[in-house]
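Worksheet: the structure to be examined is printed underneath.
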Amino acid sequence: MSRETLEIVQRTDWESIEMRIAFQCAPFIAGLKISNLLIFRSDELDELKHILKQAGISYFVLAVMDGKVVVLVFDRYRLEAYLQEGKVRQVFRDMGYQDFSLGKLLLVFRLRYEGYLMQKQEFPHEMGLLLGYPVEDVEGFIFNRGRNCLYTGYWKVYKDLPEKMLLFHKFEKARDAVVQLSFRGIGIGEIIRKRLLVQSVCLN
């Protein structure tokens with residue numbers, strides 16, 4: 001996080017839903033990530049839905065519990081394409097999934113995630129795949145029970161560290177760019193329309 005972004009974070013009015021969306025999922029907004037989680041107060045859900053719809057962002061409510069709401073935001077085309085990859089489908093198959101359409105996957109996952117939140121089931125590690133993490137890192141996390149990773153960034157890395165470090169660096173640049181644009185009063189939808197400009201900043 002750059003000094004300018006840190007200063008913005010320190011003096012920001014965090015009542016702004018758009019600003020919190022920008023901060024929580026900047027790499028997704030910049031088009032560098034295919035999905036992301038948003039966590040808000042449950043009484044903010046209607047306003048959050050409105051903002052996401054206005055911005056043209058696909059979303060799925062995973063849980064509403066203890067005054068909080070967890071929402072998956074995603075690029076439908078890219079997430080569907082990722083979930084159809086052979087290795088990704090195999091992991092889901094190994095976890096007991098039978099229907100690999102996005103809608104059915106999300107419905108089954110929501111039940112498992114709610115079970116985890118109610119402390120009735122183990123954490124559903126397939127969340128990593130729904131967040132677009134590389135399948136080798138999701139498998140590495142499961143096999144190692146979260147230990148022995150090469151690096152911890154936006155997720156725990158188990159393979160191809162230099163490549164992932166470069167990607168994490170782009171994510172950080174995206175956060176700087178998106179948060180700064182949001183702080184200047186530019187809406188999430190407009191930032192998405194400026195994605196190519198934001199991505200060019202991330203490459204520098």
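Quick look at the numbers
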read-out: Tally of residues being assigned to a helix (DSSP H, G or I) and under 22 Å from Leu32 (Cβ atoms) across segment 128-140; value: 8
read-out: Sole exception among (1) at pLDDT 90 or above; (2) hydrophobic (A, V, I, L, M, F, W, C); (3) surrounded by fewer than 18 Cβ atoms within 10 Å (Cβ to Cβ) for Leu6, by number; value: (1)
read-out: Of all residues in segment 14-36 being under 15 Å from Phe183 (Cα atoms) and surrounded by fewer than 18 Cβ atoms within 10 Å (Cβ to Cβ), the one that is modelled with the lowest pLDDT; value: Trp14
read-out: Close pairs (6 angstrom Cβ cut-off, 6 or more residues apart or separate chains): closer than 23 Å to Ser58 by Cβ and assigned to a loop (DSSP other than H, G, I, E, B) in segment 102-127, among the basic types (Lys, Arg) and open to solvent by 20 Å² or more (accessible area, probe 1.4 Å) anywhere; value: Pro124/Arg112
read-out: First in segment 30-46 and in contact (Cβ under 8 Å) with a residue 40 or more places away in the chain, second anywhere and open to solvent by 10 Å² or more (accessible area, probe 1.4 Å) and among the hydrophobic types (A, V, I, L, M, F, W, C), Cβ under 6 Å, 6 or more apart; value: Ser35/Leu131
read-out: Residues located in segment 81-133, provided they are of a type in the set (D, E, K, R) and out of contact with any Leu (no Cβ under 9 Å at 6 or more places or on another chain); value: Glu85, Lys87, Arg93, Asp94, Lys104, Arg112, Lys120, Glu122
read-out: Cβ pairs under 7 Å, 6+ apart, first in segment 170-189 and within 17 Å of Ile17 (Cα to Cα), second assigned to a helix (DSSP H, G or I) and open to solvent by 30 Å² or more (accessible area, probe 1.4 Å); value: Val179/Phe23; Gln180/Glu4; Ser182/Glu18; Gly187/Glu18; Ile188/Glu18; Gly189/Gln54
read-out: Top-ranked residue of segment 37-60 - restricted to ones that are hydrophobic (A, V, I, L, M, F, W, C) and under 13 Å from the mean Cα position of the chain (by Cα), ranked as most open to solvent (accessible area, probe 1.4 Å); value: Ile39
read-out: Contacts under 7 angstrom Cβ, first residue in segment 56-80 being over 19 Å from Phe92 (Cα atoms), partner aliphatic (A, V, I, L, M) and in a loop (DSSP other than H, G, I, E, B), 6 or more apart; value: Val73/Ile57; Asp75/Ile34
read-out: Odd one out for His125 among (1) under 15 Å from the mean Cα position of the chain (by Cα); (2) within 22 Å of Ala30 (Cα to Cα); value: (2)
read-out: Complete set of residues in segment 100-139 that are of a type in the set (A, V, I, L, M, F, W, C), at pLDDT below 95 and open to solvent by 40 Å² or more (accessible area, probe 1.4 Å); value: Leu117, Met118, Phe123
read-out: Single residue of Ile186, Ile142, Ile191 found to be over 25 Å from Gln84 (Cα atoms), among the β-branched types (Val, Ile, Thr) and surrounded by fewer than 19 Cβ atoms within 10 Å (Cβ to Cβ); value: Ile186
read-out: Residue match in segment 166-180 (condition: open to solvent by 70 Å² or more (accessible area, probe 1.4 Å) and at pLDDT 90 or above); value: yes
read-out: The one condition in (1) closer than 20 Å to Ile188 by Cα; (2) assigned to a strand (DSSP E or B) that Val64 fails to fulfil; value: (1)
read-out: Residue list for segment 76-96, filter: open to solvent by less than 50 Å² (accessible area, probe 1.4 Å) and either closer than 24 Å to Gly115 by Cβ or at pLDDT 95 or above (or both); value: Leu79, Leu83, Val88, Val91, Phe92, Met95, Gly96
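The values are calculated or read from the model by the stated rules, or taken from the named source; none is laboratory data. Keep in mind that this is a model prediction, so the values were computed, not measured. No Cβ is skipped: glycine too gets one built from the backbone with ideal geometry, and neighbour counts run over all protein chains shown. Note: accessible area is taken over every heavy atom of the protein model, side chains too, but ligands, DNA and RNA are not part of it. Shrake-Rupley method; radii C 1.70, N 1.55, O 1.52, S 1.80 Å.
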